[in-house]
Amino acid sequence: MKTVTHTRNAENLKQEIGQLVRQGGPNVQDYQQIDNLMIRMSNQARAGLLSAEDLSSIRTEFGVSLSNKTMQGFMFNKPHGYAGDFEIIERMYTWHISPDQQCTKWDLFVQNHAACRAVRNRKSYFKEVVKVYMERHNRTDIRLLNLASGPCTELAEFIQENPAFHISADCVDLDSNAIAYAKQKFSGSTAHVRFIQKNILRFAPDSPYDLIWSAGLFDYFNDRQFGQLISRFIPYLTSKGELIVGNFTDNHPSQSYMDLVNWSLNYRNPEQLLRLGQEAAGDNYNVRVGQEPEKVNLFLHIQRP
Ligand SMILES: C[S@@+](CC[C@H](N)C(=O)[O-])C[C@H]1O[C@@H](n2cnc3c(N)ncnc32)[C@H](O)[C@@H]1O
């Protein structure tokens, strides 16, 4: 039942958002205010103090700034049918800012948020992992499996920036549009990059890999699926191979904002990742957790001692 408190909560939030929208979006000095507002909204929704109807009328207050023209609108509307598609991730990588005056400031705000910075940091994390692996094993060529490759930007950049290293890669993604988009990045390249359109739940490799990498996928799976997938892919590592799986941590600064745009993930802290990794890999493997500088995107590493 809708109470007076419900209505007051919703009206207060709408008023604050409306003000920001009328001024053309948040300025840098407003960033803390929106963060606080999102935390309030999330907490109230979780405590049942905002109804679905309230949340919908609060979102309406954003107007065009919650349309596909903006990062936040794209995240909320999910034009590809699911959260975290290749296009929104690529918009983060390329620092996409809408030229529409009603949207520009919202995009600047979102692009500066911890989650977007963390996603961009994935690329350097990947490049570092590959370089360290090659150097440690004194290799200049490796076989890589990229699970849920999306726009495949990290691999394309690595290949372009490191002509002395040779990666032969298999990239698996469920979305044919993601594959078509990623493929054109390698069209003029001599690199051996093969794209496979498949659900990773049903994908079985035909040969082993030195590195198995997956970012932006495992946090969509529950613990059972997470463990099963790790157990399934470990046997496809070479004897010195390493599996690296990304997962957003819990209690990160963009959590309430992600609630606003209905982007829900299974957040996992380092202890949870370690436990899942150890349970899935068993005693014959070393398991550790790394993180990018924002400390939002964690990475579970599994390899033989
Ligand atoms: C958040 S993006 C991550 C892309 C890329 N790994 C990156 O970090 O830039 C998630 C990708 O996972 C793909 N995906 C989601 N579920 C999948 C599944 N079950 N099997 C294969 N790909 C999947 C989506 O199509 C999307 O391209």
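Laid out as a table, the results:
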| item | result |
| --- | --- |
| Filter result for the condition that a residue is within 11 Å of the ligand (Cβ to nearest atom), under 23 Å from Glu87 (Cα atoms), in contact (Cβ under 8 Å) with a residue 24 or more places away in the chain and surrounded by fewer than 22 Cβ atoms within 10 Å (Cβ to Cβ), over Lys123, Lys185 | Lys123 |
| First in region 287-305 and within 14 Å of Arg120 (Cβ to Cβ), second anywhere and of a type in the set (D, E, K, R), Cβ under 8 Å, 6 or more apart | Glu292/Arg122; Glu294/Arg117; Val296/Arg117; Asn297/Arg122 |
| Selection within region 206-230 - over 22 Å from the mean Cα position of the chain (by Cα) and touching a residue at least 24 places away in the same chain (Cβ under 8 Å) | Ser207, Pro208, Tyr209, Asp210 |
| Asn199 vs. criteria over 13 Å from Leu147 (Cα atoms), under 21 Å from the mean Cα position of the chain (by Cα) and near the ligand (Cβ under 9 Å from one of its atoms) | no |
| Sole residue being at pLDDT 95 or above, assigned to a strand (DSSP E or B), among the β-branched types (Val, Ile, Thr) and away from the ligand (no atom under 12 Å from the Cβ), chosen from Val193, Val172 | Val193 |
| Condition met for Ser256 (closer than 30 Å to Phe62 by Cβ and either of a type outside the set (Phe, Trp, Tyr) or assigned to a strand (DSSP E or B) (or both)) | yes |
| Filtered residue count, region 50-66, keeping only those that are modelled with pLDDT under 95 and small (Gly, Ala, Ser) | 4 |
| Subset of region 153-182 (residues that are free of Cβ contacts under 8 Å to residues at least 60 places away in the same chain, among the charged types (D, E, K, R) and surrounded by 16 or more Cβ atoms within 10 Å (Cβ to Cβ)) | Glu157, Asp170 |
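The values are calculated or read from the model by the stated rules, or taken from the named source; none is laboratory data. Computed from a predicted structure; not experimentally measured. Positions of Cβ are generated from backbone atoms using ideal geometry, with glycine treated the same way; all protein chains shown enter the neighbour counts.
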